[in-house]
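> Here it is, the structure in full.
What follows draws every value from the coordinates through simple rules; no lab data is involved. What you see is a predicted model, and the numbers here were worked out from it, not measured in a lab. Note that we place each Cβ from the backbone using ideal geometry, even for glycine, and neighbour counts take in every protein chain shown.
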Amino acid sequence: MRTESPGPQHEWLDAAAGPVVRPYTLTGGRVRPPVDGFDLVAFVLATPATDAAGLPGLQPEHRRLVELARTPAVLADLAAGLDLAVGVVRVLLGDLIARGLVTVHQPPAAVHLPDDNILKAVVSGLRAL
């Protein structure tokens, strides 16, 4: 007779870490978001009337992203809050954008780049330290 505890036993459970799920399973094997890529410091904001709990077809990670984006949040902070890779969060955000649940605000592009001589002087100064 077996003396194992009742309930389902899974090989992919880790007592210390909890359920272990590969990132590609969260994205359905996708590695690129359905919309253009997002900058690492892009601000994400949930649309005002979004109730992620009442929407069918969303994964828990999608719902958590919407909750974290109730206040403006940077993409890197969202990834840290979910403890997921930035690439995975980009794909999940792409899903939410396609459904109209969040908006992404890209930082403005640099209008003027520094002169090469200035950059070379900075590098030389750093090497001298």
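> Answer yes if at least one residue in the stretch 97-105 is in contact with a helix residue (DSSP H, G or I) (Cβ under 6 Å, 6 or more places away or on another chain) and either in contact (Cβ under 8 Å) with a residue 12 or more places away in the chain or at positive phi (or both), and no otherwise.
Scanning the stretch 97-105 turns up at least one residue that is in contact with a helix residue (DSSP H, G or I) (Cβ under 6 Å, 6 or more places away or on another chain) and either in contact (Cβ under 8 Å) with a residue 12 or more places away in the chain or at positive phi (or both).
> Take the residues of the stretch 73-96 that are free of Cβ contacts under 8 Å to residues at least 12 places away in the same chain and charged (D, E, K, R): which is surrounded by the fewest Cβ atoms within 10 Å (Cβ to Cβ)?
Residue satisfying both the conditions and the ranking: 83.
> Which of the residues belonging to the stretch 97-116 are surrounded by 11 or more Cβ atoms within 10 Å (Cβ to Cβ), over 11 Å from residue 65 (Cα atoms) and hydrophobic (A, V, I, L, M, F, W, C)?
Matches in the stretch 97-116: 97, 98, 104.
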